[in-house]
Amino acid sequence: MNADLGFSEFTLLLLLALLLFSPRDLGKALAKFKYYKGKFYRMKFDLEDAMLYNFDKDAESAWIVEAVRRFDLYRSAPKVAAFYPLAGEPDICPLLKELAKEGRLLLPRTLENFQMEFVEIHRMEDLVEGRFHVHEPPRYLPAYQGEIPLALVPGVEFSRNGNRHGHGKGYYDRFLAQHPETVKCGVAFSVQVSAKPLECKPHDIPMNYIVASKNDPSKEIPHVEKATV
Ligand SMILES: Nc1nc2c(c(=O)[nH]1)N(C=O)[C@@H](CNc1ccc(C(=O)N[C@@H](CCC(=O)O)C(=O)O)cc1)CN2
Ligand SMILES: Nc1ncnc2c1ncn2[C@@H]1O[C@H](COP(=O)(O)OP(=O)(O)OP(=O)(O)O)[C@@H](O)[C@H]1O
């Protein structure tokens, strides 16, 4: 059966509704509909919120830190480009501290025109608050010019096959496009990683690895996973 409503059917229904109900009743029904629609959307957002935020961030962060520590490339890389975590990102500070101590830590500094550069950091206390409340290297330290064998990459959303969406400014896409030699490892909470590929644009740089637990972090051995693209 074709259930589509054409213009004539819609007019007929409207006339019928006007005959059966007074405009006041119709107004009330419409207000009720809007009320329940609003309620439905609030419920949907609450549910999404619960799904997004109701997990043990500390346990997942600890799992991620352990997974990265076991990653061969992390262990052998003379320099690792990492990130100082924002509120919604896994807390990888234990990694930053050990990398700094070993003289292997690179952290990003944002520039004009959505460009970004990395800087060698030996003391976490040197960091200053930059754009978007990110702790970043101070302007007086020089930009790192050498090779970057491994980058731990933050993001808003990833997929298991390696797609990444960030905060929509293109800092990482621009930077990584200039560093094809760098192995890229997306770092995220499991709720940020989808099994389905994300919709991507030609400039989006895919990740080679993803580190995020798939199931219960307390029951899964920490590991970094190769992206499937
Ligand atoms: N930890 C961390 N460091 C990073 C990044 C990152 O994503 N995470 N960046 C990666 O690029 C660069 C900084 N870029 C950023 C760009 C925008 C926002 C941000 O919060 N922007 C909006 C919110 C946008 C949104 O809805 O997602 C804001 O201004 O409120 C944060 C960082 C370099 N350092
Ligand atoms: N290599 C590039 N060269 C020039 N412009 C680029 C490049 N990569 C991305 N852009 C531009 O940057 C803007 C934001 O890109 P996109 O939405 O993919 O950012 P993102 O990856 O979500 O953010 P971020 O990397 O900052 O976390 C887009 O307008 C895009 O055209």
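We did not get these values from a lab; they are worked out from the coordinates using the rules stated. Just so it is clear, the structure is predicted and the values come from calculations on it, not from any experiment. Positions of Cβ are backbone-derived with ideal geometry, glycine not excepted, and every protein chain shown enters the neighbour counts.
What does DSSP give for the chain in terms of the percent of beta bridges that are antiparallel, rounded to the nearest 5? Counting only bridges with both partners in the chain, antiparallel ones make up about 45 percent. Estimated at 0.36 nm per residue, the fully extended path between THR228 and LEU15 surpasses their Cα-Cα distance by 71.0 nm.
Note on the chain: GNM, Cα springs under 10 Å; of LEU141, LEU198, LEU152, the largest mean-square fluctuation is that of LEU141. In this simple spin-label approximation, ASN215 and GLU147 carry label points 7 Å from Cα along the Cα→Cβ vector, and these lie 3.8 nm apart.
Working from label points 7 Å from Cα in the Cα-to-Cβ sense, the ASN54 to ARG174 distance is 4.0 nm. Taking label positions 7 Å along the Cα-Cβ direction at both TYR140 and SER76, the computed distance is 3.9 nm, reported to one decimal.
Calculate the FRET efficiency for HIS203 and GLU129 from the Cβ-Cβ distance with a Förster distance of 22 Å, rounded to the nearest 0.05. The value I calculate is 0.15. Test of understanding: extend the Cα→C-beta vector of VAL183 to 7 Å, then name every residue of segment 144-163 with backbone N under 20 Å from that spot. The answer is 146-155, 159-163, whose backbone nitrogens lie closer than 20 Å to the label point.
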